[in-house]
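The values are calculated or read from the model by the stated rules, or taken from the named source; none is laboratory data. All of these numbers come straight from a predicted model, not from anything done at the bench. Here Cβ is always computed from backbone atoms with ideal geometry, including for glycine, and neighbour counts include all displayed protein chains.
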Amino acid sequence: MVESQTIRKQLQKDIASFHALDIYERFEQIVCLFLTALIALVIGVALYHLGTRILLLLIQDAIDPANQATFQTVFGMIMTVLIALEFNHSVLIMIKRHQNIVQVRTVVLIALFAVVRKFIVLDIAEAPPATMLGLATATLALGAVYWLIRDQDEKDEERRRRDSPQG
């Protein structure tokens, strides 16, 4: 009973917050909600395919630690699900905080995940040296950007607290 009242109060608060937005901000919130639903659907389908793939490998007794291709495929699929989860998380944060821009840190983190996924699924013996150099350069550049902006959220939050009338 108490939990349903808490949910009801939160829902009323969210509705009041939504009504306080202007037309374009409402549009952004609706688009973000729609994107969240679509991404959740994609994550569900990817998780289903990952689960069936692993189950089939277990049934066929094909999970062999020496078989690098199997591990690359399975971990590549796992990284795909993680990338989608992180992307969905960033959209949910935009909805929750009523932000109308995606944080640079989140974009860089998702890009890092994508490059790491590429390293996992890449057959190093077959990859041209230029590809390896490009991926390594991208990883270093994204890592440097992430390191430079890592504290930005904390600084922004501290600035908001300092500038707020209550703080």
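Cβ separations smaller than 9 Å between residues 6+ apart or across chains give the following pairs from the stretch 20-40 residues that are without any contact (Cβ under 8 Å) to a residue 24 or more places away in the chain to residues that are in a helix (DSSP H, G or I): Arg26/Phe18; Arg26/His19. Looking across the stretch 12-52 at every residue that is small (Gly, Ala, Ser) and part of a helix (DSSP H, G or I), the one that is nearest to Val74 (Cα to Cα) is identified as Gly51. The single condition from (1) modelled with pLDDT of 85 or more; (2) more than 22 Å from the chain's Cα centre (by Cα); (3) exposed (fewer than 14 other Cβ atoms within 10 Å of the Cβ); (4) under 27 Å from Thr80 (Cβ atoms) that Leu58 fails is (1).
Might you check whether a residue that is at pLDDT 90 or above, in a helix (DSSP H, G or I) and among the β-branched types (Val, Ile, Thr) occurs anywhere in the stretch 137-144? Yes; the residues of the stretch 137-144 include at least one that is at pLDDT 90 or above, in a helix (DSSP H, G or I) and among the β-branched types (Val, Ile, Thr).
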